[in-house]
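The values are calculated or read from the model by the stated rules, or taken from the named source; none is laboratory data. Computed from a predicted structure; not experimentally measured. Don't worry about glycine lacking a Cβ; one is built from the backbone with ideal geometry, like all the others, and counts go over all protein chains shown.
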Amino acid sequence: MDYLAEKFLKARKIPSTACSGCGLGQVHKKVLLAIDDLGLESADIVWGTGIGCAGRQTFNTWKGDNFAGTHGRVYALATGLRLALKPEQKMILTVGDGDAFGIGLLHLLHAVRRNVDMTVIVADNFGYQSTGGQYGYTTPSGAVTDSSPYGMHDPNWVQDGRDILDILKSAGAGFLARHTSVEGHNAVESIKQAIRYKGFSLVHIIYPCVTNFFGKALGSRKPVDAYRWLKARTNPKQQDIQGITFTTGIYYQSTSERQEFSEQLRGFTERVQKRCQS
Amino acid sequence: MKRLFDTGNAAITEAAIFAGCKLFAGYPITPATEIAENMSRRLPQVGGFYVQAEDELAALHICIGGSLGGLKAMTSTSGPGYILFADPYGWALGSEIPVVVVNAQRVGPVSGITGAPGQGEFYLSRYPTHGGNFESIVLAPNSVQEAFQLTVEAFYLAERFRMPITVLADQIVTDGWETLLIPETEAEIQAMGLKVALRQINYGPEFYPATDEIDVPPVVLGHNTGAACSDWTPTAEGFDTEEVEWQHKHAYRLIYKVRNNRSIISQYEEFALEDEPDVIFVAYGSPSRVVKSAVQAAREQGLKVGGIRLVSIWPFPDEVFHRSAKYLSVELNYDGQLVREVQRAVPKGSEVHFLGRCGELPKVLELVEAARTLINGQPLKAIKWEREAW
């Protein structure tokens, strides 16, 4: 077993039940690398997950405490939980693109507005893959999926001058980054900064679903084809890459820290108590 | 003893504070808004947190999240919000997290009339979420004082059964003003029969044991117990599983921890049932106040009439319906909800009738006349609107 897995994960969950060749393991590993680099241990982190491939496959893998929310609601659960945890304890949520940018977007936005201290890792596989491969909010335009047999025609959150990270930035998120799972060190560095950030942080990581999405979009279920496709489109240097490309790195980093939600509420409660006593 | 003149909403607030509630997340809705307002004022005074949520889905999820970290939590709403609780309510039932939910019922369907009482969530409170394989616990106060006592009780049961408990009130109870006594000394607390359970922590490794026992501590996160709780069917250690055998154990625990401990939950009041009355009224919540007066008025007129008032409505106390009689269910709805359970619970040979009012209480004389009609073996008069051409 990998030393990271041995150190941080529950043996029963290794290997994961993800499809052979799935890119989720790359995302998961990058988060563990970041945690290891920061010198954090199981007691320092409470791990939450959502519904879908990203949530189900990472649920209860963490040796410490784990929870999984219903679809899209884990941000609200985490908001309540934040008030009960010690301020120095970290919360990491591994969720999917549908969970964060679709069904859970309202709660995600309000977690951003409140600046709840949590690090959301959106493991994005271009749609609803655990239900067989329907399009979602990051599915590339024109892509053939089970629910877009004539090509993806629905506007998404990452095209046409529109970026979900921009919406989150406007809502007040303090740290935002985007990466693909084929990246190495720089992605781990972004995750480290996100975890370190006291407040709401989010890292959007695109990873390939070899079984459903790429099976249909590329007509190949060979993992190597999917990884080559993603690699070629991650910060491409060649001019000949047509269509979708991914510009990665830190998207936004706030220069001034906004007060964190639970810190603010604790302070408020203390002030009211003092006022009532005097 | 602190003696106040206040609303049911105020009583529920003070009960939550009394029971050690430290987190309230809510969304404003008539006729429960005052609970949120009062909690926003009271909680910071006792070191607690008030969070105004973006919707009811978030409200109950935030409460459950706090409870998951060890804070006692409560939320309140009315019908339109209660239906939105379906998602988090199910999560708390399945993950077995204590939380208290107040529903001040107003007349529906949907938004209905905000300031009129209703009893439309009788069955919704039994099945507040999807999927089945669970029992629910629901308490129904009929006065300001009882709203206080049952809310304290709800917090107590939530801890012992590690599940969400609904306090099913109605607009008359929550908006109505009455005398409210709040005990202050240990003797006063005992005299009122109030119990408070402290939050225990489950240190594992079995977070979901296959047992019908209560008093199993819930999962509390943040203590590095290696705990796991989720919406998935859990193994004893909390791992998500697709094995049906674990589903059987999960369902067994959720159903039988309640069924096999019903005696702790069941509460009801009986009016004049000693002489095997001809007609027995059945009601819960504010209509039961009219029923009590009607039983007295009918007795004064020599009619053999009694009454049953349900205080806990789920699990349904079948045992109280052991007499053969003509039952009359009095409810604040026109479709008849409680009456269906009464029909199921009564002995063979009993008659079951229904008298519903929509958005307002029935009158005492109406009930006395209905009892007289049933005793004479005549059919109940139809409500006027049933026959009118619309």
Only one of (1) surrounded by 16 or more Cβ atoms within 10 Å (Cβ to Cβ); (2) within 27 Å of the chain's Cα centre (by Cα); (3) outside any loop (DSSP other than H, G, I, E, B); (4) without any contact (Cβ under 8 Å) to a residue 60 or more places away in the chain is not met by residue B:270, so which one is it? (1)
Residue check, residue A:2 against (1) more than 12 Å from chain B (Cβ to nearest Cβ); (2) touching a helix residue (DSSP H, G or I) at 6+ places or on another chain (Cβ under 6 Å); (3) free of Cβ contacts under 8 Å to residues at least 60 places away in the same chain, all met but one. Which one? (2)
Out of all the residues in the stretch A:54-63, which are within 9 Å of another protein chain (Cβ to nearest Cβ) and surrounded by fewer than 24 Cβ atoms within 10 Å (Cβ to Cβ)? A:56, A:63
Among (1) surrounded by 24 or more Cβ atoms within 10 Å (Cβ to Cβ); (2) within 15 Å of the chain's Cα centre (by Cα); (3) farther than 17 Å from residue A:195 by Cα, the one test that residue A:48 misses: (3)
From the option list A:223, A:236, A:208, single residue qualifying as more than 30 Å from residue B:52 (Cα to Cα) and either without any contact (Cβ under 8 Å) to a residue 12 or more places away in the chain or of a type in the set (S, T, N, Q) (or both) is A:236
Given the conditions (1) touching a Leu at 6+ places or on another chain (Cβ under 7 Å); (2) of a type outside the set (Phe, Trp, Tyr); (3) farther than 19 Å from residue B:146 by Cα; (4) buried (at least 24 other Cβ atoms within 10 Å of the Cβ), every one holds for residue B:98 apart from (1)
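Results for (1) facing chain A (nearest Cβ under 8 Å); (2) modelled with pLDDT of 95 or more; (3) in contact with a Pro (Cβ under 6 Å, 6 or more places away or on another chain), shown as yes or no for each residue.
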site: B:47; (1), (2), (3): yes, yes, no
site: B:52; (1), (2), (3): no, yes, no
site: B:89; (1), (2), (3): no, yes, yes
site: B:100; (1), (2), (3): no, yes, no
Which listed residue is in contact with an Asp or Glu (Cβ under 6 Å, 6 or more places away or on another chain) and of a type in the set (Val, Ile, Thr), from B:258, B:311, B:279, B:305: B:258
Reported set for the stretch B:173-191 where residues are surrounded by 11 or more Cβ atoms within 10 Å (Cβ to Cβ), among the hydroxyl-bearing types (Ser, Thr, Tyr) and more than 15 Å from residue B:4 (Cβ to Cβ) is B:174
If we ask which residues in the stretch B:238-261 are over 25 Å from the mean Cα position of the chain (by Cα) and more than 8 Å from chain A (Cβ to nearest Cβ), their number turns out to be 9
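Taking the stretch A:135-179, which residues are of a type in the set (Gly, Ala, Ser) and either buried (at least 23 other Cβ atoms within 10 Å of the Cβ) or assigned to a loop (DSSP other than H, G, I, E, B) (or both)? Steps first, answer last, please.
If we filter the stretch A:135-179 for residues that are of a type in the set (Gly, Ala, Ser), which is where we start, we get A:136, A:141-143, A:147-148, A:151, A:161, A:170-174, A:177.
Within the stretch A:135-179, A:136, A:141, A:142, A:143, A:147, A:151, A:161, A:172, A:173, A:174, A:177 qualify.
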Taking the stretch B:24-63 and keeping residues acidic (Asp, Glu), closer than 23 Å to residue A:112 by Cβ and within 23 Å of the chain's Cα centre (by Cα) leaves B:55, B:56
On the basis of being touching a helix residue (DSSP H, G or I) at 6+ places or on another chain (Cβ under 9 Å), among the aliphatic types (A, V, I, L, M) and within 14 Å of another protein chain (Cβ to nearest Cβ), does residue B:220 make the cut? yes
Inside the stretch B:1-21, the number of residues satisfying the requirement of being within 14 Å of chain A (Cβ to nearest Cβ) and crowded, with 23+ Cβ neighbours inside 10 Å is 1
Within the stretch A:8-53, work out how many residues are more than 14 Å from chain B (Cβ to nearest Cβ) and in contact with a helix residue (DSSP H, G or I) (Cβ under 7 Å, 6 or more places away or on another chain). 13
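On the given criteria, is residue B:171 away from chain A (no Cβ under 14 Å), under 30 Å from residue B:86 (Cα atoms) and modelled with pLDDT of 95 or more?
yes
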Selection count where residues are of a type outside the set (A, V, I, L, M), over 30 Å from residue B:327 (Cα atoms) and part of a helix (DSSP H, G or I), scope the stretch B:238-267: 9
